[in-house]
Amino acid sequence: MHAGFILLIIVLYFAVLMLISYLTGRKGSDNDAFFRANRSSKWYVVAVAMVGTSISGVTFVSVPGMVRGLDMTYMQMVLGFFFGYLVIAYVLLPLYYRLNLVSIYGYLGQRYGRKSYKTGAWFFLISKIGVAATRLYLAVSILQFLVFDAWNVPFFVTTSVIIFIIWLYSHRSGIKTIIWTDWLQTLFFFTALVLIVWHVASELKLDFGGMVTTIARDPHSRIFVFDDWAGTQNFFKQFFSGVFITIVMTGLDQGMMQKNLTIKSLKDARKNMLSYGFAFIPVNLLFLSLGVLLLLYAGQNQIVLPEVSDNILPYIISEYLGSGVLAIFIIGITATAFASADSALTALTTSFCVDIMAMSDSGGDKTLEKKNVAIRHKVHIAMSVAFGLVIVGIYAIGSDSILTALYKLVSYTYGPLLGLYFCGLYTKLRPVDKWVPYVAVASPILCFVIEIGMKQLFQYTVGYELLLMNGGFTALGLWLLSGKGHSFADNSAADSASLRSR
């Protein structure tokens, strides 16, 4: 009964997305619409859409589940997120708009050279496929468990069907369609989250005031950890990791910034970034509050919870809260999964076409535009296939906490991007361009060796500060490649004159 009911919800949901795709694709499906939505997006629409893109299915499931082991200490990182958005709004966005970029990695080409540009783009492609696949994997595995296992459908078939659906509604107009589908999906997931919290609180016989008081008094409501320097939950580690994770996962991520660059003016793009960044605080607090309520509900009803934290929310909803709540949950998890994956797929296609294949503007040449669109379609298909293969690979490996695995992946793959952009914006360094790829590859390898060594020799667990270490090694390598006479600048405008002159 559950399987057929859930499948019906997914089919109806897909029909709505296809309708939006049809409406947005009627007025144009050229590359400018696919890559930049003709620079006509409204900032408040993009702000809502970006929340849905960032709050993935991983967040929907992992954040409530992590309360059991880590309490609400994740909020330390969330507070850091907001300050990261300030850096993006006032440092990176002005740069991207001044250079009128389609792909943000074009900056690296102007600042360092062609090899550095390609290195940045390849690191993004590898990172984005891994991160986005990790996010989508969790949603696919939940649907597999709730629906397709009952019909003995293999996991790779479920994955293929879902990716095909995402490709189907995104392949014509790309980011132009994605902004509106993600806007709708954000409303769906947030409504689902609020309704689930309300229902669990009702099961516990709590009104709004009682819910707030109960959560505040619960031992799992602990947020700040100022001791335990060797652990991963120390406030300073969490906060500063949150700042830099936001900078790399949003400000240096083509998928997230591509939405910003569809807004006509820098002023409106900054409004989008600040409002979107602030929204993260109450949304994540609500997810963590749901985690506390679930533990209280399980204790009150003597429910034996799954060993894997990511399974707590889906298990309680599917087994104890009824079909209505299950339907709401499926809508929420599907919305967050699709909103994250469709943006990633569009960004991967954009970056590969613009950065790797050097696809240029057609300049009104209809023959060239037709050729470019045909190439873009092929790249979009190839990225969809790669996406599916990575998800199946993650399924074969497995993980207790997908969110933790995701942030660890980010620390290794986005670190070199952090180092490249930091040196580009805040130093006058001129590294030898042809050696930059070697530095970018060596830095994560060195970080891995240090992480293992610190654990074995000093029992020190390297956490999210791995990202800063990785970026630091990249910056050090760029300095060594720059020769004598180059030093750190005192402000972010150190190289602005040379950029404008190119």
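Read the figures in this text as sums done on the coordinates, not as results from a lab. All of these numbers come straight from a predicted model, not from anything done at the bench. A quick note on method: Cβ atoms are made from the backbone with ideal geometry, for glycine too, and the neighbour counts reach across all protein chains shown.
A few remarks follow.
- Degrees between helix 155-170 axis and first principal axis of the chain (Cα, 0 to 90, nearest 10): 60
- Amide H contacts for ILE223 (H built 1.01 Å from N in the peptide plane; partners 5 or more residues away or on another chain; cut-off under 5 Å): none found.
- Here the Karplus curve 6.51 cos²θ - 1.76 cosθ + 1.60, taken at θ = phi - 60°, turns the phi angles of the stretch 75-89 into couplings of 5, 4, 6, 4, 4, x, 3, 4, 5, x, 5, 5, 4, 4, 5 Hz, with x standing for Gly and Pro.
- Near TYR460, the amide H atoms lying under 5 Å from its own belong to LYS455; only residues 5 or more places off or on other chains count, and H is placed 1.01 Å from N.
- Rotationally averaged projected area of the stretch 84-210 (alpha carbon convex hull; nm²): 12.6
- Relative contact order (%) - the stretch 406-480, alpha-carbon pairs under 8 angstrom, separation at least six: 56
- Shown for PHE124, PHE352, PHE226: other C-beta atoms within 10 Å of each C-beta, ranked fewest to most, produce the order PHE226, PHE352, PHE124.
- Alpha carbon centroid spacing (whole Å) that separates the stretch 74-91 from the stretch 236-256: 7
- Between helix 402-413 and the chain there is an angle of about 10 degrees, using the helix long axis and the longest principal axis of the Cα atoms.
- Space enclosed by the convex hull of the alpha-carbon atoms of the chain, per residue, Å³: 149
- Charge dipole (the chain, unit charges on Cβ, about Cα centre) - positive-most of SER127, GLY4, PHE226: SER127
- Rounded to whole Hz, the Karplus (6.51, -1.76, 1.60) HN-Hα couplings of the stretch 207-218, x for glycine and proline: 7, 4, x, x, 5, 4, 5, 5, 5, 4, 8, 6
- Other residues lying with their Cβ under 15 Å from the Cβ of GLY415 contribute a combined charge of -1, Lys and Arg counting +1, Asp and Glu -1.
- Point-charge dipole on Cβ atoms (K/R +1, D/E -1) for the stretch 2-411, about Cα centre, debye to 20: 1740
- Near the amide H of THR427, within less than 5 Å, lie the amide hydrogens of ALA489, all on another chain or at least 5 residues away, with H placed in the peptide plane.
- Cross-link pairs exceeding 29 Å between alpha carbons, from the set LYS115/LYS428; LYS205/LYS271; LYS259/LYS378; LYS378/LYS428: LYS205/LYS271; LYS378/LYS428.
- Taking the stretch 37-165 and dividing mean pair separation by its residue count, relative contact order in percent (alpha carbons under 8 Å, at least six apart): 24
- Only Lys, Arg (+1) and Asp, Glu (-1) charged, at Cβ; the stretch 125-233 dipole about Cα centre in debye: 420
- Relative contact order of the chain, defined on C-alpha pairs under 8 angstrom at six or more residues apart (%): 31
- Euclidean distance of C-alpha centroids, the stretch 100-142 and the stretch 30-51, integer Å: 19
- In degrees, nearest ten, helix 415-426 long axis to first principal axis of the chain (Cα): 50
- Straight-distance candidates among the lysines for linking to LYS455, with alpha-carbon spacing under 16 Å and chain neighbours fewer than 8 residues away dropped: LYS408.
- Footprinting exposure proxy ranking of SER482, SER62, SER343, fewest other C-beta atoms within 10 angstrom first, gives SER482, SER62, SER343.
- With each label modelled as a point 7 angstrom along the Cα→C-beta vector, the LEU204-ILE450 pair spans 4.1 nm.
- Relative to the 2.2 N^0.38 Å rule of thumb, the stretch 212-362 has a C-alpha radius of gyration ratio of 1.37.
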